[in-house]
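Have a look at the structure below before the remarks.
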Amino acid sequence: MINWLADLIFPCRCLLCRRYLDKKHICKKCFNGLSLKKQLECVGCQRPTPLGKTCAFCAPTNPLDRLFVVSDFNNPDIALLLKTFKYRFIRDLAEPLSELTFKYLDGLSRRNNFSFIRGNPLLVPVPLHKRRENERGFNQAALLAGLISRRYRLDLGNILVRNSGAEPQANIEDREKRLANVLGLYACPDSSLILGRTVVIVDDICTTGATLNECARVLKNVGATHVTALVIARG
């Protein structure tokens with residue numbers, strides 16, 4: 001009843017075109033107009049690489065083996081959706097963003113003869129500090145990972161923990177400071193799900209790749225054989 005009254009008083013509109021909708025935040029027309037990233041690139045230097053592999057020059061300092069980026073944060077529509085999802089706490093946006101991810105992965109499979117589910121990878125969301133997760137009410141990476149896990153019937157493991165409340169990466173512009181900010185920030189207390197497996201880290205945004213690389217380093221230290229990252233956009 002409360003939800004019904006809320007919808008009646010505050011009808012839902014598409015975030016992009018402001019058209020009135022029925023319990024959705026983006027209309028079909030706007031969703032179909034969202035662009036997908038075609039270029040597959042190295043997490044370090046951002047140069048094009050086959051299937052997003054970390055290039056030989058960046059591999060020594062980037063533990064992440066591969067990066068998949070669904071769209072581009074420079075696209076104002078994508079930026080608005082992600083900022084609304086993350087900072088206005090609209091958890092229902094996980095659904096259209098995951099649908100966009102499915103569209104990207106299915107296209108990747110058709111164009112490159114590459115199966116995302118090959119080897120039955122373990123999906124691992126990037127964790128939030130408990131205080132920040134309590135403030136927001138959810139972890140956006142965990143919501144996305146859960147929907148991706150359900151779609152492709154993959155194992156999901158919330159096995160990474162965040163050790164301390166370091167400054168949010170979004171507040172730091174300098175790359176070297178970003179790298180220093182995440183050192184020792186994550187840990188994996190239980191490695192039983194990881195040993196000898198491929199792991200896919202799921203997050204909403206990648207900027208310098210510092211967070212993803214630190215998570216990859218931790219996971220490899222406890223037994224992961226290969227670590228890929230899947231993000232909605234790169235800024």
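Data table
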{"item": "Relative contact order (%) - criterion: Cα under 8 Å, at least six apart; region: the stretch 14-234", "result": "22"}
{"item": "Kirkwood-Stokes translational diffusion coefficient of the stretch 192-235, alpha-carbon pairs, 25 °C, 0.890 mPa s, µm²/s", "result": "230"}
{"item": "Point-charge dipole on Cβ atoms (K/R +1, D/E -1) for the chain, about Cα centre, debye to 20", "result": "520"}
{"item": "Highest-fluctuation residue, LEU143, LEU183, LEU40 considered, GNM on the chain with Cα pairs under 10 Å", "result": "LEU183"}
{"item": "Straight-distance crosslink candidates among lysines, where the alpha carbon sits under 26 Å from LYS86 and sequence neighbours closer than 8 are dropped", "result": "LYS23, LYS24, LYS28, LYS29, LYS37, LYS38, LYS103, LYS130, LYS177"}
{"item": "For the stretch 14-234, diffusion coefficient by Stokes-Einstein and Kirkwood Rh (Cα), 25 °C, 0.890 mPa s, µm²/s", "result": "138"}
{"item": "CD proxy at 222 nm, helix term only [per DSSP H run n ≥ 4: -39500 (n - 2.57); per residue of the chain; nearest 500]", "result": "-10500 deg cm²/dmol"}
{"item": "Label-point separation, PHE89 to LEU195 (7 Å along Cα→Cβ), nm", "result": "4.1"}
{"item": "Most mobile listed residue (LEU21, LEU212, LEU154) in the chain, GNM with C-alpha springs under 10 Å", "result": "LEU21"}
{"item": "5 angstrom amide H check on ILE201, placed H, neighbours 5+ away", "result": "VAL124, THR228, ALA229, LEU230"}
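Read-outs throughout are calculated quantities, based only on the coordinates presented, and are distinct from any laboratory measurement. For clarity, every value in this text was computed on a predicted model and none was experimentally measured. Positions of Cβ are backbone-derived with ideal geometry, glycine not excepted, and every protein chain shown enters the neighbour counts.
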